[in-house]
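What follows is a single structure, written as structure tokens, with notes after it.
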Amino acid sequence: MHARGNLALDEKNRLVGEVEKRVLAFDGLKTVYTRIGEQPRGMSELTEDTIGVILFEFADWRSRPPAHEIMDAIRAKTADIAGILIEVTAPRAGRRPANRSRCSSARSTPRSAGGRQQGRGHSGRA
């Protein structure tokens, strides 16, 4: 998740928490991991304005909708959060174990915007 300006930890927590609450409402996810605040160096796909990341792992494919449907639904359910850009994407090959996804949001303008999928398969990021 990204934000412009020097946000206090409480504000980052509020913004990331709103996205997390919506992600947790989805069936078909096995685990959800949320990280708020400064991100570790070396995660090249993250920009300096990243305020948080939500990683999720899909449940077994036999007991859930297809991954792309879940990711599309997450985009739709988070698109109305003002001031946040949500990117729901699959990790690049070799970056994370199969079946993992990421949810990232950016507060770049006062309006909301949906993300885009960067991969296919059982994993992604939002």
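Structure summary
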| quantity | calculated |
| --- | --- |
| Region 50-71, subset assigned to a helix (DSSP H, G or I) and touching a strand residue (DSSP E or B) at 6+ places or on another chain (Cβ under 8 Å), residue farthest from N13 (Cα to Cα) | A67 |
| Qualifying residue in region 79-92 (condition: modelled with pLDDT of 55 or more, assigned to a loop (DSSP other than H, G, I, E, B) and in contact with a Gly (Cβ under 6 Å, 6 or more places away or on another chain)) | yes |
| Conditions (1) on the phi < 0 side of the Ramachandran plot; (2) touching a Phe, Trp or Tyr at 6+ places or on another chain (Cβ under 8 Å): number failed by E11 | (2) |
| Condition met for S105 (farther than 14 Å from M1 by Cβ, at pLDDT below 55 and surrounded by 18 or more Cβ atoms within 10 Å (Cβ to Cβ)) | no |
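The values are calculated or read from the model by the stated rules, or taken from the named source; none is laboratory data. Source: prediction; values computed, not measured. Note that each Cβ is placed from the backbone with ideal geometry, even for glycine, and that neighbours are counted across all protein chains shown.
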